[in-house]
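Below is a structure I'd like to ask you about.
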Amino acid sequence: MTFDSFESRLDGALRRFTDTNLIGVLFTDLAGKIISADESFLGLLGYTSESLPATLSELTSAEHHRLDEEAFEKVMAFGVCAPFEKDLIRHDRTTVSVLFGAALHDEEIACFVIDLSHNKQTQEKLNHLAYHDALTDLPNQVLFKDRLKQAIAYSSRSDQMHAVLLLNLDRFKTINDSLGYTAGDRLLQSVAQRLTSCVRESDTVARFGSDEFAILLTQISRPQDAANAARAIKEVLDQAFIFDEQEVFMSTSIGISVYPHDDRDTAGLLKSASTALDRAKVAGGNNYQFYTAGGTTRALKQLVLESNLRGALERSEFVVHYQPQVALPDFHLVGMEALVRWRHPSLGMLPPSEFVPLAEDSGLIIALGDWVMRNACLQNKAWQDKGLAPMVLSVNFSARQFQQPAFISTVAEVLKETNLDPRWLELELTESSIMKEPEQAIEKLHELKLMGIRVAIDDFGTGYSSLNYLKRFPIDTLKIDKTFVADVCKDPHDTAIVRAIITLGHALDLTVIAEGVETHEQLQYLTSLGCDVVQGFLFSKSLSAPVFEELLCEQRRAAALSTSHDTAPLVGEIA
Ligand code: C2E
Ligand code: MG
Ligand code: MG
């Protein structure tokens, strides 16, 4: 390639860059007075050659004048300056971010600009997404915390008060379930708009996720201002939301904490507001509560739950869910565990850990446990009567139930009443329930055995049972506690324990079930160790009766399809 031909190519290439508006070019004199600009430069800034200002500095944002001066100094000293980013002012007074470079050329300064605004816009969009909730476009938790932190930092100088309001929609899940997720999303967007409309511009409304919102009220003069804001918020949210010409009403619970009374840092204030929110929920929802120090909330919740518990059985607030149990290695559905839940009118669905200990203390566990057994047996029999494959139903029993003198007769009565064949019922007892009075327990277990009922030891490995007793317990199943399963692949001690339980169980001719199986690795390990049955979130969480019924129907269809191949039906997808 000759020098000449390269020059002409370069010339051509530069012309293409300027012609396609990728690069704009401007010539000034040595003092920065504009001599001429190309179409690309004029187009980028929205000027014509007539309307273009006289000097470069008129096109440059004031804060970038210093950059220009430095650049010109470099051009004078070295002939060029390294390109740098700056803002230019458009004809319509908006600014555009550009990459700017300059070089000395025949007693003039040639400047080039490259439009960076697209780059900037993408960057800004990404920045925005990192700090905002995608559904409502409200600030997210990160930005909220940042604003709270700033407010606190500012007030340590001026001694101002701020309030954090945590807001949760009551029974949002029901709305989501009945109207569908799209309507749920629209509802959240409307809530966001209404919230924003009723606070000052300087306040922050954020969405923390799901149906939880937070509001930061800065510089209030007394806590009462926060109460007034909470009331105003409740008022706007109390008005009907309209979906497909249908009116939907929402109620909300709000927890309030105030800086500096309740706490002096971000985490503390949010925690206090959350505790207050709990109180609002416990008090039945649809109200607001201030944080009250002294950790009384937990005790209060216990108190409320305790007083609600007795009537809950009569009010039919309990429901039984069923968790599938599947046999290895082919994932054949072989059983279900009945797990009770409390559908609390204001606190939502409560897991057993929140109320079974209370029921045990108050003795209600006996009535509740009987109800669960009766309900689950009825359900199991109903499924069999529908022609669905019969399978074992495991029911949990607490020590107090098992120790009742009338225990055996109650079980017998329930079986008789529900007409369920005893071989489909398995009682789950913990080691500690049995070991309280082992000799009596052995007697009761024998009676159950004679009745044709199966018995499992639940959470095996967490209590203590002497191996000598274990040999004498007429049981059918050992359930390995989920704490061992959790680390079976990681902790060599847990691997050893699980392996030992499986070996022990098999030596005693027992079925071994692993509970709490959550990962493929755990499943693989348990399969290799020869575990018989598994139960856990990897396959399914516990399901409401109608959903479990769908599973049984699915299995029936799969069985019908595979009769010619004689293969076992599978449960769920575990790909
Ligand atoms: P459990 O009998 O050991 O029941 C298994 C628990 O493990 C259930 O919790 C179940 O939802 C949970 N689980 C199942 N798979 C997984 C998993 O993969 N990962 C994790 N992390 N957990 C899993 P749930 O339903 O909260 O029940 C807790 C306990 O409450 C039960 O433990 C049982 O001791 C008691 N319980 C439940 N229903 C009754 C009942 O009707 N009567 C009595 N007395 N106690 C009950
Ligand atoms: Mg259990
Ligand atoms: Mg268990």
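The values are calculated or read from the model by the stated rules, or taken from the named source; none is laboratory data. Every value quoted in this text rests on a predicted model; they were computed, and no experiment measured them. Here the Cβ positions follow ideal geometry from the backbone for every residue, glycine too, while neighbour counts run over all protein chains shown.
Could you tell me which numbered condition ALA82 fails, if it satisfies all but one of (1) under 13 Å from CYS111 (Cα atoms); (2) more than 51 Å from the chain's Cα centre (by Cα)?
Answer for ALA82: the failing condition is (2).
Let me ask another. I need the full set of residues from region 446-458 which are touching a helix residue (DSSP H, G or I) at 6+ places or on another chain (Cβ under 9 Å) and crowded, with 20+ Cβ neighbours inside 10 Å, in order please. Lay out the reasoning, then the answer.
Here is the first cut: in region 446-458, the residues touching a helix residue (DSSP H, G or I) at 6+ places or on another chain (Cβ under 9 Å) are 447-448, 451-455, 457-458.
Residues satisfying the conditions are LEU448, ILE453, ARG454, VAL455, ILE457, ASP458.
Tell me yes or no: at least one residue of region 415-424 is within 24 Å of TYR322 (Cα to Cα), surrounded by fewer than 20 Cβ atoms within 10 Å (Cβ to Cβ) and over 43 Å from the mean Cα position of the chain (by Cα).
Yes, some residue in region 415-424 is within 24 Å of TYR322 (Cα to Cα), surrounded by fewer than 20 Cβ atoms within 10 Å (Cβ to Cβ) and over 43 Å from the mean Cα position of the chain (by Cα).
I want to confirm something. Restricting to region 435-445 and keeping residues that are surrounded by fewer than 15 Cβ atoms within 10 Å (Cβ to Cβ) and farther than 10 Å from PHE473 by Cα, which single residue is nearest to ligand 3 (Cβ to nearest atom)?
LYS436
Only one of these is farther than 26 Å from GLN403 by Cα, within 25 Å of the chain's Cα centre (by Cα) and more than 16 Å from ligand 2 (Cβ to nearest atom): THR292, THR275. Name it.
Values: THR292 fails: within 25 Å of the chain's Cα centre (by Cα).
Going through THR292, THR275 in turn, just one is farther than 26 Å from GLN403 by Cα, within 25 Å of the chain's Cα centre (by Cα) and more than 16 Å from ligand 2 (Cβ to nearest atom): THR275.
Next up: Residue by residue through region 29-49, note down the ones that are of a type in the set (Ser, Thr, Tyr) and either surrounded by 16 or more Cβ atoms within 10 Å (Cβ to Cβ) or touching a Ser or Thr at 6+ places or on another chain (Cβ under 9 Å) (or both). Give the derivation first.
Step one: filter region 29-49 for residues of a type in the set (Ser, Thr, Tyr), giving 36, 40, 47-49.
Of everything in region 29-49, those that are of a type in the set (Ser, Thr, Tyr) and either surrounded by 16 or more Cβ atoms within 10 Å (Cβ to Cβ) or touching a Ser or Thr at 6+ places or on another chain (Cβ under 9 Å) (or both) turn out to be SER36, SER40, TYR47, SER49.
Among (1) surrounded by 15 or more Cβ atoms within 10 Å (Cβ to Cβ); (2) within 16 Å of ligand 2 (Cβ to nearest atom); (3) closer than 20 Å to SER398 by Cα, there is one condition SER540 misses while meeting the rest; what is its number?
Single failed check for SER540: (3).
To continue, here is another question. Determine which member of the set LEU26, LEU59, LEU67 is in the same structural domain as GLU107 (by TED's automatic domain parsing), closer than 13 Å to ARG90 by Cα and either loosely packed, with under 13 Cβ neighbours inside 10 Å or in contact with a strand residue (DSSP E or B) (Cβ under 8 Å, 6 or more places away or on another chain) (or both). Outline the logic, then answer.
Details: LEU26 fails: closer than 13 Å to ARG90 by Cα; LEU67 fails: closer than 13 Å to ARG90 by Cα.
It is LEU59.
Can you tell me which residue among GLU426, GLU439, GLU447 is under 21 Å from VAL340 (Cβ atoms) and not aliphatic (A, V, I, L, M)? Give the derivation first.
Working: GLU439 fails: under 21 Å from VAL340 (Cβ atoms); GLU447 fails: under 21 Å from VAL340 (Cβ atoms).
Among GLU426, GLU439, GLU447, only GLU426 is under 21 Å from VAL340 (Cβ atoms) and not aliphatic (A, V, I, L, M).
Hey, another quick one. Go through region 495-546 residue by residue and tally those that are aromatic (Phe, Trp, Tyr) and closer than 15 Å to VAL334 by Cβ. If you could, list the steps in order and put the result at the bottom.
Within region 495-546, the first condition is being aromatic (Phe, Trp, Tyr), and the residues that meet it are 525, 537, 539.
Add one more test, that the residue is closer than 15 Å to VAL334 by Cβ, and what stays is 539.
Total satisfying the criteria: 1.
Those residues that are away from ligand 3 (no atom under 16 Å from the Cβ), of a type in the set (S, T, N, Q) and in contact with a Pro (Cβ under 9 Å, 6 or more places away or on another chain), I need them from region 358-411; list them, please.
Selection gives ASN380, GLN384.
Pull up region 105-130, narrow it to residues that are surrounded by 15 or more Cβ atoms within 10 Å (Cβ to Cβ) and closer than 14 Å to LEU26 by Cβ, then point me to the one that is farthest from the chain's Cα centre (by Cα).
ILE109
It is to be established whether one or more residues within region 309-319 are surrounded by 14 or more Cβ atoms within 10 Å (Cβ to Cβ), out of contact with any Phe, Trp or Tyr (no Cβ under 7 Å at 6 or more places or on another chain), closer than 23 Å to TRP383 by Cβ and modelled with pLDDT of 90 or more.
Within region 309-319, one or more residues are surrounded by 14 or more Cβ atoms within 10 Å (Cβ to Cβ), out of contact with any Phe, Trp or Tyr (no Cβ under 7 Å at 6 or more places or on another chain), closer than 23 Å to TRP383 by Cβ and modelled with pLDDT of 90 or more.
Also: Would you say LEU467 is of a type outside the set (S, T, N, Q) and at pLDDT 95 or above?
Working: of a type outside the set (S, T, N, Q): yes; at pLDDT 95 or above: no.
No.
Which of the numbered conditions does PHE460 fail, given that it passes all the others? Conditions: (1) away from ligand 3 (no atom under 16 Å from the Cβ); (2) at pLDDT below 95; (3) closer than 25 Å to ARG423 by Cβ; (4) among the hydrophobic types (A, V, I, L, M, F, W, C).
(1)
Over 19 Å from VAL334 (Cα atoms), of a type in the set (A, V, I, L, M), within 16 Å of ligand 2 (Cβ to nearest atom) and modelled with pLDDT of 90 or more: is that true of LEU478 in this structure?
Working: over 19 Å from VAL334 (Cα atoms): no; of a type in the set (A, V, I, L, M): yes; within 16 Å of ligand 2 (Cβ to nearest atom): yes; modelled with pLDDT of 90 or more: yes.
Against the criterion (over 19 Å from VAL334 (Cα atoms), of a type in the set (A, V, I, L, M), within 16 Å of ligand 2 (Cβ to nearest atom) and modelled with pLDDT of 90 or more), LEU478 does not qualify.
Same structure, new question: Looking at TRP342, TRP383, which one is crowded, with 18+ Cβ neighbours inside 10 Å and free of Cβ contacts under 8 Å to residues at least 40 places away in the same chain?
Numbers: TRP383 fails: free of Cβ contacts under 8 Å to residues at least 40 places away in the same chain.
Going through TRP342, TRP383 in turn, the sole match is TRP342.
Still on this structure, please answer the following. Can you name the condition, by its number, that ASP330 falls short on among (1) within 14 Å of ligand 1 (Cβ to nearest atom); (2) closer than 18 Å to LEU551 by Cβ; (3) at pLDDT below 95?
(1)
Now for a different question. Give region 201-237 a look and list any residue that's part of a loop (DSSP other than H, G, I, E, B), in contact (Cβ under 8 Å) with a residue 12 or more places away in the chain and either touching a Pro at 6+ places or on another chain (Cβ under 9 Å) or surrounded by fewer than 18 Cβ atoms within 10 Å (Cβ to Cβ) (or both), or say none.
First, pick out the residues of region 201-237 that are part of a loop (DSSP other than H, G, I, E, B): 201-203, 210-211, 221-222.
Next, only the ones that are in contact (Cβ under 8 Å) with a residue 12 or more places away in the chain stay: 202-203, 210-211, 221-222.
SER202, SER210, SER221, ARG222, listed by residue number.
A further question follows. Can you list the helices (runs of 4 or more DSSP H) found entirely within region 379-491 that contain at least 1 residues being within 12 Å of ligand 1 (Cβ to nearest atom)? It would help to see each step written out before you state the result.
Working: elements: 399-403, 407-418, 431-436, 438-451, 467-472, 482-486.
It comes to 399-403, 431-436, 482-486.
Suppose we filter region 238-279 for residues that are closer than 18 Å to LEU216 by Cβ, among the aliphatic types (A, V, I, L, M) and not in a strand (DSSP E or B); how many remain?
Count: 6.
Determine whether ASP370 is out of contact with any Asp or Glu (no Cβ under 6 Å at 6 or more places or on another chain) and buried (at least 18 other Cβ atoms within 10 Å of the Cβ). Working first, answer last.
Values: out of contact with any Asp or Glu (no Cβ under 6 Å at 6 or more places or on another chain): yes; buried (at least 18 other Cβ atoms within 10 Å of the Cβ): yes.
So ASP370 passes the test.
For residues that are of a type in the set (A, V, I, L, M) and within 16 Å of THR503 (Cα to Cα), scanning just region 451-474, find the one that is nearest to ligand 2 (Cβ to nearest atom). Reasoning before the result, please.
Kept after step one, since they are of a type in the set (A, V, I, L, M), are these residues of region 451-474: 451, 453, 455-457, 467, 470.
Of the ones still in play, those that are also within 16 Å of THR503 (Cα to Cα) are 457, 467, 470.
Numbers: ILE457: 10, LEU467: 22, LEU470: 18 Å.
Among those that are of a type in the set (A, V, I, L, M) and within 16 Å of THR503 (Cα to Cα), it is ILE457.
Using beta carbons and a limit of 8 Å, which pairs, at least six apart or on different chains, have the first residue in region 418-434 and more than 10 Å from VAL455 (Cα to Cα) and within 16 Å of ligand 3 (Cβ to nearest atom) and the second one part of a helix (DSSP H, G or I) and not aromatic (Phe, Trp, Tyr)?
THR430/ALA399; SER432/ALA399; SER433/ALA399; SER433/GLN403; SER433/ALA441; ILE434/ALA441; ILE434/LEU445
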